[in-house]
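Peer 1: Before anything else, here's the structure in question.
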Amino acid sequence: MTLTTAHIRTSTLISVVISMAISAAFFFLVFGKKPLIAVFAPDNLALDFIPQTLAAGFMAALMPALQTRAKIVSGTLAGAPPVAKAIVARAVLLAVASLALAAAVTGLLWLGGIATLPWGSALALKIVYGGLLGLIITPIALRAILPRG
């Protein structure tokens, strides 16, 4: 395994764990401890995928890429350090693009006719979804700034 591959794997794992923790924290903040959570109105669990996706997706791209840039600057990783503005722009683009995943999850909930979820199931769904964002977005963001090969 190359240093670059190891870096991507480690950064992705960290991103997944952080995205899951942040998703759990915001779930508690937004939904509290109700026994049942409505997927659509009035609780709007499905609608909450939009801000979760934008925030977690942005951070899953931004922070690992900035940390990677710092390692490139310090010489720990090979490559030319990318411009910070490009990292931010890519993070925004990846966050917005990941809204397709939010739409897919919401569509599956709607097609499945799921009107409510027990609190624990709703929490688990949001945590797994947050982790999935980190798992998908972080490697994409890092491969864009690291040299090939």
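The values are calculated or read from the model by the stated rules, or taken from the named source; none is laboratory data. For clarity, every value in this text was computed on a predicted model and none was experimentally measured. Glycine also receives a Cβ, built like all others from the backbone with ideal geometry; neighbour counts cover every protein chain displayed. All accessible areas refer to the heavy atoms of the entire protein, side chains included, with ligands and DNA or RNA removed. Shrake-Rupley method; radii C 1.70, N 1.55, O 1.52, S 1.80 Å.
Peer 1: Do we find that Gln52 is of a type outside the set (Gly, Ala, Ser), modelled with pLDDT of 95 or more, on the phi < 0 side of the Ramachandran plot and open to solvent by 70 Å² or more (accessible area, probe 1.4 Å) in this structure?
Peer 2: Answer is no for this residue.
This table checks each residue for (1) free of Cβ contacts under 8 Å to residues at least 60 places away in the same chain; (2) surrounded by 14 or more Cβ atoms within 10 Å (Cβ to Cβ); (3) closer than 19 Å to Ala21 by Cβ.
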{"site": "Ala65", "(1), (2), (3)": "no, yes, no"}
{"site": "Ser74", "(1), (2), (3)": "yes, no, no"}
{"site": "Val83", "(1), (2), (3)": "yes, no, no"}
{"site": "Val88", "(1), (2), (3)": "yes, yes, no"}
{"site": "Gly107", "(1), (2), (3)": "yes, no, no"}
{"site": "Ile140", "(1), (2), (3)": "no, yes, no"}
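Peer 1: Here's another thing I want to ask about it. I'm checking my understanding of the structure. Among residues of segment 29-42 that are on the phi < 0 side of the Ramachandran plot and either of a type in the set (Val, Ile, Thr) or without any contact (Cβ under 8 Å) to a residue 40 or more places away in the chain (or both), which one is surrounded by the fewest Cβ atoms within 10 Å (Cβ to Cβ)?
Peer 2: Pro42
Peer 1: A further question follows. Name every residue in segment 1-20 that is open to solvent by 60 Å² or more (accessible area, probe 1.4 Å) and assigned to a helix (DSSP H, G or I), in order of residue number.
Peer 2: Leu3, Arg9, Thr10, Leu13, Ile14, Val17, Ile18, Met20
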